[in-house]
1. Mind listing just one residue for me: the one in the range 56-69 that is over 12 Å from Ala121 (Cβ atoms) and of a type in the set (Ser, Thr, Tyr) and, of those, surrounded by the most Cβ atoms within 10 Å (Cβ to Cβ)?
2. Going by the conditions given, is Asp220 over 19 Å from the mean Cα position of the chain (by Cα) and of a type in the set (Asp, Glu)?
3. Condition (residue is at pLDDT 90 or above and among the hydrophobic types (A, V, I, L, M, F, W, C)) applied to the range 136-159: is it met by at least one residue?
4. For the range 172-193, enumerate the residues that are in contact (Cβ under 8 Å) with a residue 40 or more places away in the chain, under 14 Å from Leu249 (Cα atoms) and not in a loop (DSSP other than H, G, I, E, B).
5. Within the range 173-201, which residues are surrounded by 21 or more Cβ atoms within 10 Å (Cβ to Cβ), farther than 19 Å from Asp220 by Cβ and either among the basic types (Lys, Arg) or more than 13 Å from the chain's Cα centre (by Cα) (or both)?
6. Cβ contacts < 8 Å: first residue within 15 Å of Thr117 (Cβ to Cβ), restricted to the range 82-99; second residue among the β-branched types (Val, Ile, Thr) and crowded, with 19+ Cβ neighbours inside 10 Å, any location; separation 6+ or different chain. Result?
7. Checking the structure you have, find out if any residue of the range 207-215 is closer than 20 Å to Asp66 by Cα and surrounded by 17 or more Cβ atoms within 10 Å (Cβ to Cβ).
8. I'm trying to understand the selection: among the residues of the range 70-104, which are in a helix (DSSP H, G or I) and farther than 21 Å from Thr124 by Cα?
Amino acid sequence: MKTLRTGFHLMLVCLSLLGTTHITFAKETQHDKPTNATGKVASPLVVIPEALQYCTVCHGTQFKGDFATGAPNLTGLPDWYLTKQLTAFKNKSRGAHANDLSGHEMRAAAESLDDATILLAVDTITRIPYIDSMPTTHWQRLAFKAAQDDVKHTNKESQTLTPSINNGKKLYATCAACHGNQAEGNPALKAPPLTGLNRWYMAKQLLHFKQGIRGNQSNDPASMQMKAAASILKSNQDIVDVVTYINALNQQELP
């Protein structure tokens with residue numbers, strides 16, 4: 001009980017430092033379901049253990065993500081995928097590329113994680129119901145600016161583009177082979193669910209796969225396969241279209 005009180009006190013301190021004076025309860029959505037194999041019930045407010053307080057600096061007090069820090073929304077992701085990515089950062093099979101600046105930061109944060117802490121992180125995050133991030137009309141500029149900052153060059157297609165759902169649907173037909181017709185993911189193929197991810201984050205990662213910033217590690221065949229699949233996206237317009245289509249599958253409005 002003392003540990004619980006201490007953890008809750010630390011969370012309130014973190015909230016106050018961020019200028020938040022009240023606790024926000026997540027609205028119920030179809031994502032308010034357990035996402036791991038234990039069948040545990042998601043709680044509208046999860047107390048973050050002291051060992052994970054550092055994670056909230058970038059990912060937010062309830063792990064809903066923050067573009068300013070390059071941290072994606074983690075709520076709604078399945079336990080197997082969270083475990084895989086944390087382990088990849090820890091083992092330096094992700095975040096090793098010189099142009100993956102946010103990946104460098106995540107890799108440094110994950111290096112000190114032991115197996116027990118990774119398990120604690122995954123258990124905690126999968127108890128949090130899916131939480132909408134604030135919608136924005138500027139997600140394209142956010143995505144492409146983030147990618148430009150990483151590779152340190154000017155992207156000639158960085159202007160806001162008008163999405164084509166029809167083109168996105170055609171392009172997604174290739175993606176569906178692994179990620180599913182409704183972008184629900186497939187653990188057997190190590191393909192994560194895509195609905196619920198921030199649009200800016202999806203677009204940035206697709207650019208990273210196209211540029212070889214991700215998917216260049218021989219010990220991560222799933223990412224290498226994703227790098228090959230991303231080659232069908234010939235332009236930023238294609239990226240915008242397929243991300244918009246994925247977002248529409250679950251009628252999400254994420255930045």
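1. Across the range 56-69, the extreme among qualifying residues is Thr61.
2. Working: over 19 Å from the mean Cα position of the chain (by Cα): no; of a type in the set (Asp, Glu): yes.
So Asp220 fails the test.
3. No, that holds for no residue.
4. Of all residues in the range 172-193, those in contact (Cβ under 8 Å) with a residue 40 or more places away in the chain come to 172, 174-175, 178, 182-183, 185, 187, 190, 192-193.
Now restrict to residues that are under 14 Å from Leu249 (Cα atoms): 172, 175, 182-183, 185, 193.
Correct list: Tyr172, Cys175.
5. Ala183, Arg199
6. Filtered contacts from the range 82-99: Leu82/Val122; Leu82/Ile125; Leu82/Thr126; Thr83/Val122; Leu86/Val122.
7. yes
8. First pass over the range 70-104, keeping only residues in a helix (DSSP H, G or I): 79-90, 101-104.
Residues satisfying the conditions are Leu101, Ser102, Gly103, His104.
The values are calculated or read from the model by the stated rules, or taken from the named source; none is laboratory data. No experiment lies behind these values; they were computed from the predicted model shown. Cβ atoms come from the backbone with ideal geometry, glycine included; neighbour counts cover every protein chain shown.
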